[in-house]
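Worksheet: the structure to be examined is printed underneath.
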4 protein chains.
Amino acid sequence: MPSPKLRVAVAGLGRMGARHATHFHNLTPRAELVAASSPEAHELAWAEKNLDGVRTYLDYDDMLDQECAKGLQAVVIASATAVHSEQAIKAIKRGLHVLCEKPLSTGVEKSQAVVDAYRKSLTTFPSQKVICGFSRRFDASYRDAYEKLQTGMIGVPSVFRSQTCDKLDPSGFFVAYAQFSGGIFVDCSIHDIDLALWFFGEDSRVKSVSAIGITAVEPDLRKHNDRDNALGLVEFYGGKIAQLFCSRMMAAGQEDSTEITGTKGKLAINTQPASNLVNIYESSGIRREIAPHYYGRFRDAFIAEANDFTACCLDDTAPPMKLEGAVNAVRIGVALQEALISGKKIEFDEQGNRIDQATKDQVRARL
Amino acid sequence: MPSPKLRVAVAGLGRMGARHATHFHNLTPRAELVAASSPEAHELAWAEKNLDGVRTYLDYDDMLDQECAKGLQAVVIASATAVHSEQAIKAIKRGLHVLCEKPLSTGVEKSQAVVDAYRKSLTTFPSQKVICGFSRRFDASYRDAYEKLQTGMIGVPSVFRSQTCDKLDPSGFFVAYAQFSGGIFVDCSIHDIDLALWFFGEDSRVKSVSAIGITAVEPDLRKHNDRDNALGLVEFYGGKIAQLFCSRMMAAGQEDSTEITGTKGKLAINTQPASNLVNIYESSGIRREIAPHYYGRFRDAFIAEANDFTACCLDDTAPPMKLEGAVNAVRIGVALQEALISGKKIEFDEQGNRIDQATKDQVRARL
Amino acid sequence: MPSPKLRVAVAGLGRMGARHATHFHNLTPRAELVAASSPEAHELAWAEKNLDGVRTYLDYDDMLDQECAKGLQAVVIASATAVHSEQAIKAIKRGLHVLCEKPLSTGVEKSQAVVDAYRKSLTTFPSQKVICGFSRRFDASYRDAYEKLQTGMIGVPSVFRSQTCDKLDPSGFFVAYAQFSGGIFVDCSIHDIDLALWFFGEDSRVKSVSAIGITAVEPDLRKHNDRDNALGLVEFYGGKIAQLFCSRMMAAGQEDSTEITGTKGKLAINTQPASNLVNIYESSGIRREIAPHYYGRFRDAFIAEANDFTACCLDDTAPPMKLEGAVNAVRIGVALQEALISGKKIEFDEQGNRIDQATKDQVRARL
Amino acid sequence: MPSPKLRVAVAGLGRMGARHATHFHNLTPRAELVAASSPEAHELAWAEKNLDGVRTYLDYDDMLDQECAKGLQAVVIASATAVHSEQAIKAIKRGLHVLCEKPLSTGVEKSQAVVDAYRKSLTTFPSQKVICGFSRRFDASYRDAYEKLQTGMIGVPSVFRSQTCDKLDPSGFFVAYAQFSGGIFVDCSIHDIDLALWFFGEDSRVKSVSAIGITAVEPDLRKHNDRDNALGLVEFYGGKIAQLFCSRMMAAGQEDSTEITGTKGKLAINTQPASNLVNIYESSGIRREIAPHYYGRFRDAFIAEANDFTACCLDDTAPPMKLEGAVNAVRIGVALQEALISGKKIEFDEQGNRIDQATKDQVRARL
């Protein structure tokens, strides 16, 4: 008797949604993609052509209604960021497992609402799994580094450096995109922040953030309070520090690299980027190519994500990360973005509450 | 209406057979694994547990009989090398598509028999596809190099260097294995030879081979006329030369690297091996790990092979390589192995016939 | 007739002083090392044994008196940082060329005093050369990167990342050293700051600095208001930003790397550190060693520095860098160190004056 | 009292001679370059301008006559290869120390004559040093590899791979040069052969050589019995094997790399060539440059050679290599070149005598 497969629907069939749908349809043996929704008719047409046997819906709610009746078990939220939290909460309330693309929301409160809904729902559906799709956690190299770190190989992880740098896109895409992205720290560095929380420990509490940035190639980003290159510092309670770099201006391709320095050693991931194992020797020297976009770099991680999510749902095992971490990451990303624009350092107390200058002055006055 | 899938059976469920079966079962969306055969009961038990819905057979012929009646379309031959050619020919005669693990046989005649059967069968089944599974042809890096070469980027490819080097295995495995492997040049270098034929052009004709070797760690290999390290030279008509290195003694892991030097540039594949993108900084320096075995290095290539084979069968497109090349590779591998043991250079005329010393003396005498 | 050689004295024969003396004595063909001073008798004994024909002095002033009478032309200041500026000024007043080890001083005012003395002295000795020994400016790789940048290859240099990270030294040396070093940003990052000024343009004006740090392995550093790992952000007027990392905790060795991202490309220096061209393949993977200390990494740069300084003195050509830059670097380093300890962002107006919070509040109040 | 310096003369002031003269003049503290000879007046003019105080001679014998009277102690032979052995022998007979550029001669007999002269001279001048300048033995990376090998780190060195590949030079230089070079195996691979002898042990005895080659870019080389790309196999008694690659056709620059595989590990030297530590990120990927010519790669080795030769002469310590090795290297190089042209494998008995086919037939007949 064949093992039952996880019945999955995908919400959103844009660039990433179509990829998720394909991964669940073709490359996740234990899952069965049963449905997909998109408000865009041409995206549904694509699905009908490329996803044999998958039912399509123009309306997300409609999909939930009809598919839940047919035994839907899980939803992948890959729609526009603006509706992530709302769609996730709807699915959570029906007891469905949820894999939500990052970020849960570009705002802290809406992100927290997803966590709150999940915590509440767990009392009714104790086996329910809800995770935020930080794809790098599923990347073989990051996982290898994490496992090595867990063995104590580098001692206490203390200094973290990470960057998410997109290839220069002269089309102006990034300007239009900035309206909805939450800003470069929320859009790009959210991954690096999540990695810092993973490597330093998911319970790490942020102490302060600072940031600076420029518009070197896209001055119009300033209209949306954004920058094309930014640097951030993040301080955590407990003697851990991080530096972040995000950019929309890399010439060679997607450059996402990370270093974790511990008291006894260091782990570096992708500090010598290469799209494959080929070196080209020519009169100008030796050259290697690198992946132009994040999907080229992380495709295998997305596939692992689909398979691991499926496994933890089917087997009722612990999800690979805590959902709370995703809110924590948004909190830090949003604060960095604010620091970037205001030029001010933002501080937090040990409970995660912001300490603003007025508060500090009050505290000082009382002493 | 869903597209029909290619109905595939796998013959042999040993180490590689089980992998092929898994790839076709789980990771080849357009294929359906319907059956598998193995003379080993425990391997069938494994299949029953891990390959949902796949029918199992102790006998290959039995499988063909029963499955052909049910619409079998293709067979993957991953059994012991000794039966490759026989099983392949049986499937060919039934008009099945065949993906045969390398080598077709350890002997030239048995290899040629497969080609002959295929050529004959094509008159009856003009869409039939038969390929030999030289996995490196499906590796993303080798493919990228091949495509770059085709653009003329390195001019005329002229000097080829390639090595297939296994991790040192102190268990004695390689001694036992040498009885059936055909020798280190047939077992390991066959891949490098196939790559040379690919990069130099599939119609390349061998002119001479020379070889030397040692038993540095496994003197018992001499009982089977084999060596644990060997070096070979291969000369082709038309001004192209190749050097090969095969070894059973690499400390760090599987080291399979290739360089193609042309008149205008060079392409190097895997000359800086690494299992992933992690670098470890520790008191002894900076370290990276490499894949211990060929499957760690080439897993993705095997999966691509399954998918590409499936696509060319379903779509009736040209197979990714000519079957004749597989015989050519065996011919060169067998000659290198003979040169290794005899210490003699072996020469070929432009028609591929060996020129032995006696012949050369005769020719000379007649002049 | 042989060309005259530059007659040079070295002040200070500690670790770096002895190296400078050796470079000028043995490896600077156009220079003649005539004298050396040190308050340490054992260092003079070393000089007498190793520097044939060099006259030695316990007292710096004594050396200047006697050697100037004999035609001394240049002095290399390699004594304790605390006396750099004083010794440099004395030599400057006598019209001697001066190569002063970095930093001119750990304080801005004393550093500026050297510049002031030099500017004044130039009216009397218009050919006098005074430079601060930022050795990286003489390193072949940094020079190559600088020249490439000058060609416009990477467009406008916009984002700078650099680190100076010392090998972990469990002896407690760094704690004792912190009393005099000026702090980790002044001692280590001064090099990175100088590089930022070089790559961004020597007239770059700092806009703000922020910093965070920890004591991960040497808590006693806090007694000297220092840290063992620190991260800094530096913002320059004109849309240029920099991130800095300094550490006393690297396991593998000295790790000094730099990246300059421009609007069209990026230059990376030493992001794949290696002490030489050897790779070691062993059962744990592939390993390379890196230089344990800065002298291992930069020895050739120090030798180039000696030769280039000599050449500009003898040939009366422009010195390789402006002395003002050295004060600018100290200003930024000192501000970073203050930001590190106070936790406050420090801002500067376009004239280089600090804008403190009170000032900002005043300015705001007046508006 | 200053230590006495070694009084050195250089014979030959062509490209390499001028470099040797400069190294001894400027960068070898314990040596004093006193004289230089060249049959070319313009080369002497160069010396008079650039080598302060060095006496110049149009005639080598004249230099020896006059300089020996003035206390000459050592000669560096950097003249045309054709006169190496003759000039070396003249200097040897006068009891001078000799550093002779490689090869001693392009012929085995003339090379052996130098060794014979030296062996005889030693009875009169027991402290005399005569070495052949295999510069790679003085390269920091090769030395590091050699020392690591000596520790047993890679077990028994068993398989050697090395290449000396020159940058493509479309000027036709290599064709003209082939008249005098002794052929590509004698000119280029002599270094690799010397390294094989060093790493395998200087007493290694060659058992056989085979070679193949092509003219891919310079067909006119065939006029001089030479090739532009060649591959060789060298078998040694005692279970050691080597493969060699020499080329005049590398696009990116000088590519000299070496790997020594032992029973427990491998050492690789320069398998990732780079001229410095800079990586260039641009829209076509990540690029590094490599040294265009051997002097760019080995300048520091030549300087170390000058210093080490000087030290062993002054201190009467063992020379860094045996002179006999240089004859052994020529013997193997000449045999490879012959094998390249004849297409025949050449075998040697354990005493180093060639076993030709006729001999083998005779031996066989007698059995």
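Table for the structure above
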item	result
Conditions (1) open to solvent by 70 Å² or more (accessible area, probe 1.4 Å); (2) closer than 22 Å to C:ILE193 by Cα; (3) of a type outside the set (A, V, I, L, M, F, W, C): number failed by C:TYR146	(1)
Any chance C:ARG287 is more than 8 Å from chain D (Cβ to nearest Cβ), at pLDDT 95 or above and surrounded by fewer than 21 Cβ atoms within 10 Å (Cβ to Cβ)	yes
Top-ranked residue in region B:264-284 [being open to solvent by 20 Å² or more (accessible area, probe 1.4 Å) and over 23 Å from the mean Cα position of the chain (by Cα); ranked as farthest from B:ALA140 (Cα to Cα)]	B:SER283
Failed condition for D:ASP316, given (1) more than 7 Å from every other protein chain (Cβ to nearest Cβ); (2) free of Cβ contacts under 8 Å to residues at least 12 places away in the same chain	(2)
Filter result (touching a strand residue (DSSP E or B) at 6+ places or on another chain (Cβ under 8 Å) and not charged (D, E, K, R)) within region C:277-297	C:LEU277, C:VAL278, C:ASN279, C:ILE280, C:TYR281, C:SER284, C:GLY285, C:ILE286, C:ILE290, C:PRO292, C:HIS293, C:TYR294
Output for region A:77-94, where each listed residue is part of a helix (DSSP H, G or I), in contact with a helix residue (DSSP H, G or I) (Cβ under 7 Å, 6 or more places away or on another chain) and farther than 13 Å from A:TYR118 by Cβ	A:THR81, A:ALA82, A:GLN87
Qualifying residue in region D:9-19 (condition: open to solvent by 30 Å² or more (accessible area, probe 1.4 Å), within 14 Å of C:ASN26 (Cα to Cα) and not in a strand (DSSP E or B))	no
Scope region C:223-239; condition touching a Ser or Thr at 6+ places or on another chain (Cβ under 6 Å) and not in a loop (DSSP other than H, G, I, E, B); matching residues	C:ASN229, C:LEU233, C:GLU235, C:PHE236
Selection count, region D:241-281, where residues are of a type in the set (Lys, Arg) and facing another protein chain (nearest Cβ under 7 Å)	2
Breaking point among (1) at pLDDT 95 or above; (2) crowded, with 16+ Cβ neighbours inside 10 Å; (3) within 28 Å of D:GLY325 (Cα to Cα), for D:VAL34	(3)
Verdict on A:VAL209 being within 17 Å of A:GLN337 (Cβ to Cβ) and either touching a Pro at 6+ places or on another chain (Cβ under 8 Å) or in a loop (DSSP other than H, G, I, E, B) (or both)	no
Set B:ASP59, B:ASP65: member being more than 23 Å from B:ASN307 (Cα to Cα), open to solvent by 40 Å² or more (accessible area, probe 1.4 Å) and touching a strand residue (DSSP E or B) at 6+ places or on another chain (Cβ under 7 Å)	B:ASP59
Test result for D:PRO29, within 14 Å of chain C (Cβ to nearest Cβ) and either loosely packed, with under 14 Cβ neighbours inside 10 Å or not in a loop (DSSP other than H, G, I, E, B) (or both)	no
Residues located in region A:216-234, provided they are away from chain D (no Cβ under 14 Å) and open to solvent by 30 Å² or more (accessible area, probe 1.4 Å)	A:ALA216, A:GLU218, A:PRO219, A:ASP220, A:ARG222, A:LYS223, A:HIS224, A:ASN225
Filter result for the condition that a residue is away from chain C (no Cβ under 14 Å) and of a type in the set (Lys, Arg), over D:LYS49, D:LYS93	D:LYS93
Test: residue in region B:170-178 that is in a helix (DSSP H, G or I), within 30 Å of B:VAL217 (Cβ to Cβ) and in contact (Cβ under 8 Å) with a residue 60 or more places away in the chain	yes
Hits in region A:51-70 - residues which are free of Cβ contacts under 8 Å to residues at least 12 places away in the same chain and in a strand (DSSP E or B)	none
Residue count, region B:71-103 (criterion: of a type outside the set (Val, Ile, Thr), open to solvent by 10 Å² or more (accessible area, probe 1.4 Å) and in contact (Cβ under 8 Å) with a residue 60 or more places away in the chain)	11
Enumeration of residues in region A:123-143 that are closer than 21 Å to A:CYS312 by Cβ, open to solvent by less than 60 Å² (accessible area, probe 1.4 Å) and not in a strand (DSSP E or B)	A:SER127, A:GLN128, A:LYS129, A:PHE134, A:SER135, A:ARG136, A:ARG137, A:PHE138, A:ASP139, A:TYR142
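Residue-wise test of (1) within 30 Å of C:GLY352 (Cβ to Cβ); (2) touching a Cys at 6+ places or on another chain (Cβ under 8 Å).
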residue	(1), (2)
C:ARG7	no, no
C:LEU27	no, no
C:SER38	no, no
C:VAL83	yes, no
C:PRO103	yes, yes
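Per-residue answers, yes or no, for (1) among the basic types (Lys, Arg); (2) crowded, with 23+ Cβ neighbours inside 10 Å; (3) away from chain D (no Cβ under 13 Å); (4) farther than 19 Å from B:GLU255 by Cβ:
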site: B:LYS167; (1), (2), (3), (4): yes, no, no, no
site: B:PHE180; (1), (2), (3), (4): no, no, yes, yes
site: B:GLY183; (1), (2), (3), (4): no, yes, yes, yes
site: B:LEU195; (1), (2), (3), (4): no, yes, yes, no
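The values are calculated or read from the model by the stated rules, or taken from the named source; none is laboratory data. Since this is a predicted model, take the numbers as computed values, not measurements. When we count neighbours, we look across all protein chains shown, and the Cβ atoms used for this are built from the backbone with ideal geometry, even at glycine. The accessibility values were calculated without ligands, DNA or RNA, using every heavy atom of the protein model including side chains. Shrake-Rupley method; radii C 1.70, N 1.55, O 1.52, S 1.80 Å.
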